[in-house]
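Colleague: Here's a structure for you.
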Amino acid sequence: MIDTHVHFWNFNPVRDSWISEEMMAIRKDFSPKNLLRTFNELQITGCIAVQANQSEEENQFLLRLAEQNEIIKGIVGWIDLLNPDLEERLTYWGNFKTIKGWRHVLQAENSDFILNKKFIAGINLLKKYNYTYDLLCYHDQLTDIIKMVDQIPDQPFVLDHCGKPNVKNQDLQTWSANIKTLASNPNVSCKVSGLLAEANWKNWKEKELFNCFDSIFEHFGVERVMYGSDWPVMLISRPYEDWFNLVNKYATQFSAAERKLIFTDNAKAFYQV
């Protein structure tokens, strides 16, 4: 099994200012060694390390970790897609085969950024270099995300954290309609990850999360959904095992072959690991 969404960092209170005081559980360092015991117990054999800092230094940091830790099967790094020398940078990073794709924290950007022609042209270059692109956004940004991906044919995309629906308030109607539209694009997949951060951290109900899963699996199907945790961010709510067991419980409705797609095969095919 592969966890398609984990982060590692050496905590820096200035750089990592998004980790607020109320997130005390994750205001510290996290390395692959912190995951090994849990992964072994759950029979998870690898992960995709996703950028947490928007710099090319982050790529080097994750590459060093991957060299030292075989559980890292692939990296989703960061690159400046507005850089006029983007092709030169893509060529350079192409020397490091562990880097499978790229991500920008679009949840922190506005419509003008997401729909910027130069930004879209940057993403449009990625398939030439065989890279994937992770989409990180809030539910109220999905209409812009849909407009963006529709302009970039044949690029493999994956939606992180189900597009961050409003789990806490269960205001899911507009989100679900946008998920249906986004999923109609065959180049977009989805990670069932990160939903604990969108719920009431200490007092969520299983049904609230399963309502979100229902929409994701209805529209993306088991062929385009992959398991992820968003560790260590999800620790603000529950231990790793709780999230894994929750997804696993929901997946009992599927056949063994379908569960293998969700937990293993879709990730291997998408990230080519």
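Read the figures in this text as sums done on the coordinates, not as results from a lab. Everything numeric in this text was worked out from a predicted model, so none of it was measured. So basically every Cβ, Gly included, is an ideal-geometry build from the backbone, and we count neighbours across all protein chains shown.
Colleague: Quickly run through the stretch 1-19 and pick out the residues that are polar (S, T, N, Q) and surrounded by 11 or more Cβ atoms within 10 Å (Cβ to Cβ). It would help to see each step written out before you state the result.
Modeller: Here is the first cut: in the stretch 1-19, the residues polar (S, T, N, Q) are 4, 10, 12, 17.
Result: 4, 10, 12.
Colleague: Further, regarding this structure: For the subset of the stretch 147-174 comprising residues that are in contact with a strand residue (DSSP E or B) (Cβ under 9 Å, 6 or more places away or on another chain) and on the phi > 0 side of the Ramachandran plot, which member is surrounded by the fewest Cβ atoms within 10 Å (Cβ to Cβ)?
Modeller: 162
Colleague: Does residue 125 satisfy the condition of being surrounded by fewer than 21 Cβ atoms within 10 Å (Cβ to Cβ), of a type in the set (A, V, I, L, M) and over 23 Å from residue 270 (Cβ atoms)?
Modeller: Details: surrounded by fewer than 21 Cβ atoms within 10 Å (Cβ to Cβ): yes; of a type in the set (A, V, I, L, M): yes; over 23 Å from residue 270 (Cβ atoms): no.
Against the criterion (surrounded by fewer than 21 Cβ atoms within 10 Å (Cβ to Cβ), of a type in the set (A, V, I, L, M) and over 23 Å from residue 270 (Cβ atoms)), residue 125 does not qualify.
Colleague: Can we say residue 117 is of a type outside the set (A, V, I, L, M, F, W, C) and surrounded by fewer than 14 Cβ atoms within 10 Å (Cβ to Cβ)? Even if it seems obvious, please write down each step before you answer.
Modeller: Numbers: of a type outside the set (A, V, I, L, M, F, W, C): yes; surrounded by fewer than 14 Cβ atoms within 10 Å (Cβ to Cβ): yes.
So residue 117 passes the test.
Colleague: Can you tell me which residues in the stretch 82-108 are among the polar types (S, T, N, Q) and closer than 23 Å to residue 267 by Cβ? Walk me through it before giving the result.
Modeller: So the first thing to find is which residues in the stretch 82-108 are among the polar types (S, T, N, Q), and the list is 83, 91, 95, 98, 107.
Hits for the stretch 82-108 are 98, 107.
Colleague: Before we move on, is residue 54 in contact with a Cys (Cβ under 8 Å, 6 or more places away or on another chain), more than 30 Å from residue 40 (Cα to Cα), surrounded by fewer than 21 Cβ atoms within 10 Å (Cβ to Cβ) and not hydroxyl-bearing (Ser, Thr, Tyr)? Lay out the reasoning, then the answer.
Modeller: Working: in contact with a Cys (Cβ under 8 Å, 6 or more places away or on another chain): no; more than 30 Å from residue 40 (Cα to Cα): yes; surrounded by fewer than 21 Cβ atoms within 10 Å (Cβ to Cβ): yes; not hydroxyl-bearing (Ser, Thr, Tyr): yes.
Judged against the criteria, residue 54 is not a match.
For every residue, the table says whether it meets (1) touching a Lys or Arg at 6+ places or on another chain (Cβ under 7 Å); (2) under 16 Å from residue 5 (Cβ atoms); (3) basic (Lys, Arg).
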| position | (1), (2), (3) |
| --- | --- |
| 144 | no, no, no |
| 163 | no, yes, no |
| 185 | no, no, no |
| 202 | no, no, yes |
| 208 | no, no, no |
| 228 | yes, yes, no |
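Colleague: Can you say whether residue 25 is among the small types (Gly, Ala, Ser), in contact with a His (Cβ under 7 Å, 6 or more places away or on another chain) and surrounded by 14 or more Cβ atoms within 10 Å (Cβ to Cβ), as far as the supplied structure shows?
Modeller: Numbers: among the small types (Gly, Ala, Ser): yes; in contact with a His (Cβ under 7 Å, 6 or more places away or on another chain): no; surrounded by 14 or more Cβ atoms within 10 Å (Cβ to Cβ): yes.
Spelling it out, it is not the case that residue 25 is among the small types (Gly, Ala, Ser), in contact with a His (Cβ under 7 Å, 6 or more places away or on another chain) and surrounded by 14 or more Cβ atoms within 10 Å (Cβ to Cβ).
Colleague: Still on this model: Looking only at residues that are touching a residue at least 40 places away in the same chain (Cβ under 8 Å) and more than 15 Å from the chain's Cα centre (by Cα) in the stretch 221-231, which one is surrounded by the most Cβ atoms within 10 Å (Cβ to Cβ)? Spell out how you get there, then give the answer.
Modeller: Restricting attention to the stretch 221-231, the residues satisfying the condition of being touching a residue at least 40 places away in the same chain (Cβ under 8 Å) are 222-231.
Those left that are additionally more than 15 Å from the chain's Cα centre (by Cα): 222-223.
Values: 222: 18, 223: 13.
So, considering only residues that are touching a residue at least 40 places away in the same chain (Cβ under 8 Å) and more than 15 Å from the chain's Cα centre (by Cα), the one surrounded by the most Cβ atoms within 10 Å (Cβ to Cβ) is 222.
Colleague: Is it true that residue 193 is over 13 Å from the mean Cα position of the chain (by Cα), hydroxyl-bearing (Ser, Thr, Tyr) and buried (at least 17 other Cβ atoms within 10 Å of the Cβ)?
Modeller: Values: over 13 Å from the mean Cα position of the chain (by Cα): no; hydroxyl-bearing (Ser, Thr, Tyr): yes; buried (at least 17 other Cβ atoms within 10 Å of the Cβ): yes.
It is false that residue 193 is over 13 Å from the mean Cα position of the chain (by Cα), hydroxyl-bearing (Ser, Thr, Tyr) and buried (at least 17 other Cβ atoms within 10 Å of the Cβ).
Colleague: A further question follows. Read through the list (1) of a type outside the set (A, V, I, L, M, F, W, C); (2) in contact (Cβ under 8 Å) with a residue 12 or more places away in the chain; (3) not in a helix (DSSP H, G or I), then give the number of the only condition that residue 203 fails.
Modeller: Among (1) of a type outside the set (A, V, I, L, M, F, W, C); (2) in contact (Cβ under 8 Å) with a residue 12 or more places away in the chain; (3) not in a helix (DSSP H, G or I), residue 203 violates only (2).
Colleague: Which of the residues spanning the stretch 1-37 are part of a loop (DSSP other than H, G, I, E, B) and touching a residue at least 60 places away in the same chain (Cβ under 8 Å)?
Modeller: Here is the first cut: in the stretch 1-37, the ones part of a loop (DSSP other than H, G, I, E, B) are 1, 7-8, 10-20, 27-29, 31-32.
1, 7, listed by residue number.
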